[in-house]
């Protein structure tokens, strides 16, 4: 088979790779569509813990073979990858906190992923999806579940107001879930006017560019003492500081963006959080019990109903063979994009 392989920092090749075979309890998936995640780009541009590695965890395809102790009826089923591979035995797994598993693996990060013609995964990591669901939409189930999980962590309720910081993939998915769940006010901020235009199309009532407006000031005009919840999906220290300013007393801030390792925050950040008695919640992945969680079934339901707009989320399609060039262009900031779908050539 062919695969796009991360050989080293900034080095990806498209080449022949050994054809995997499904082991006991595992299945083999023929990849039909794979999406590029921001974490894939980070591993390419900044380096990773292991080489060589086939990246790719936002993936959908058809189960082509099964290993021992797996229902042979799965062959031919359409599926999306559930990338976290918990041990299901440790204390955190028993509590249903799979992303906190003491010894989890991760498809496309700690083991071979889906930027290939085929990928071998545990059977329980194949989310069976309807045959009429387009593969490229099924490939975007995983990032949608992260946004859905963020709303859960923020205990978001219909009729509440919210600000989403960052109109990248997770931010845009969060805007959509706020719309789907009935937010009374959805504000989205980003430094890209193009991203903000997409946010408006997907359901944001108000969009603000911090390069041209005072975001906290504008939100005070809209929501008085502040919104009920803020969802930080940009990874920007400046945005994180603003979350505390825009949320009402006893509101909630959910952190989903990866902050720079050298980020520092003034003592006023903690003081303001204390004075307003805010809840500050972290988000890591997208899982709940029973595995993989309602976030995944909710997403499939929303795709079936048409509530989730994945067409607008996607900006580019490329053959998988173009992956090395695509990653190089993204890393050098030559390719503005939303979600990019990689399509393996028919085998």
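Within region 40-60, the set of residues being on the phi > 0 side of the Ramachandran plot and modelled with pLDDT of 95 or more comprises 56 only. The condition (being under 20 Å from residue 244 (Cα atoms) and either out of contact with any helix residue (DSSP H, G or I) (no Cβ under 7 Å at 6 or more places or on another chain) or touching a residue at least 12 places away in the same chain (Cβ under 8 Å) (or both)) is satisfied by just one residue among 167, 199: 167.
Quick check: anything in region 184-200 surrounded by fewer than 22 Cβ atoms within 10 Å (Cβ to Cβ) and on the phi > 0 side of the Ramachandran plot? No, the conditions are met nowhere in region 184-200.
Residue under question is residue 278, and the condition is that it be crowded, with 19+ Cβ neighbours inside 10 Å, outside the structural domain of residue 135 (by TED's automatic domain parsing) and within 20 Å of the chain's Cα centre (by Cα); does it hold?
no
Screening residue 281 against (1) within 24 Å of residue 37 (Cα to Cα); (2) part of a helix (DSSP H, G or I); (3) touching a strand residue (DSSP E or B) at 6+ places or on another chain (Cβ under 7 Å) leaves a single unmet condition, (2). The listed residues are 298, 309, and the only one of them that is surrounded by 15 or more Cβ atoms within 10 Å (Cβ to Cβ), touching a helix residue (DSSP H, G or I) at 6+ places or on another chain (Cβ under 9 Å) and part of a helix (DSSP H, G or I) turns out to be 298.
Among the residues of region 102-118, those identified as in contact (Cβ under 8 Å) with a residue 24 or more places away in the chain, part of a loop (DSSP other than H, G, I, E, B) and either in contact with a helix residue (DSSP H, G or I) (Cβ under 9 Å, 6 or more places away or on another chain) or more than 11 Å from residue 81 (Cβ to Cβ) (or both) are 108, 109, 110, 112, 113, 115, 117. Within region 220-276, the residues that satisfy the criterion of being part of a loop (DSSP other than H, G, I, E, B) and under 25 Å from residue 159 (Cα atoms) are 224, 225, 226, 233, 234, 256, 257, 276. For region 133-152, which positions are farther than 24 Å from residue 320 by Cβ and surrounded by fewer than 21 Cβ atoms within 10 Å (Cβ to Cβ)? Passing the criteria: only 152.
This table checks each residue for (1) modelled with pLDDT under 95; (2) surrounded by 14 or more Cβ atoms within 10 Å (Cβ to Cβ); (3) in contact with a helix residue (DSSP H, G or I) (Cβ under 7 Å, 6 or more places away or on another chain); (4) under 26 Å from residue 42 (Cα atoms).
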| residue | (1), (2), (3), (4) |
| --- | --- |
| 230 | no, yes, yes, yes |
| 237 | yes, yes, no, yes |
| 250 | no, no, no, no |
| 261 | yes, no, no, yes |
| 265 | yes, no, yes, yes |
| 294 | no, yes, no, no |
| 317 | no, no, no, yes |
| 327 | no, yes, yes, yes |
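The values are calculated or read from the model by the stated rules, or taken from the named source; none is laboratory data. Owing to the predicted nature of the structure, the values given are computational and were not obtained by experimental measurement. Glycine gets a Cβ as well: all are built from the backbone with ideal geometry, and neighbour counts include every protein chain shown.
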